[in-house]
Amino acid sequence: MTQASAFSRAQEPEKYVAFEPLVNDFSSGFPDAENGEPDFTAIREHPDFVRIRRRLARFIFPASGLFLAWYLTYVLLAAYAHEFMAHRMFGSVTVGLLLGLSQFFTTVVIMLWYARFARTKVDPEIRELRRIAGETEQ
């Protein structure tokens, strides 16, 4: 008795089309849905939108991973390297205090890096997709 469960594998399509729209290239704009709004399903499947999502993922996941590794390193040092973290650099300022404050600095640097990345690489392409989709600026 073989019955499909909620975790069964979905049927494979007969033909794969890698990152190409199913109907057309939307060079004259995206098709409208029944309610007159842009067809967001068609936009989501458009190769330009897929490319933008991949570009974002290629930035976000490595940056998040590096920051998480840096943060966990700080936590592990604080938990297991007491002497190192208590070492005085100057006056009453310790290595632990400097590394803790550098967490804030690192957060600001990553935020500024992402803002620049989004402004120069992502936003212009999103504006172009909105223009093609017929969405007006708000």
#### Entry: Matching residues in region 57-70 - criterion: being over 24 Å from Gln103 (Cβ atoms) and surrounded by 12 or more Cβ atoms within 10 Å (Cβ to Cβ)
none
### Task
Inspect all residues belonging to region 95-112 and state whether any of them is over 14 Å from the mean Cα position of the chain (by Cα) and within 30 Å of Ile43 (Cβ to Cβ).
yes
### Query
Can you find even one residue in region 15-34 that is modelled with pLDDT of 60 or more, surrounded by fewer than 11 Cβ atoms within 10 Å (Cβ to Cβ) and of a type in the set (A, V, I, L, M, F, W, C)?
no
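The values are calculated or read from the model by the stated rules, or taken from the named source; none is laboratory data. Keep in mind that what you see is a predicted model, and the values were worked out from it rather than measured. All Cβ positions, glycine included, derive from the backbone under ideal geometry; neighbour counts span all protein chains shown.
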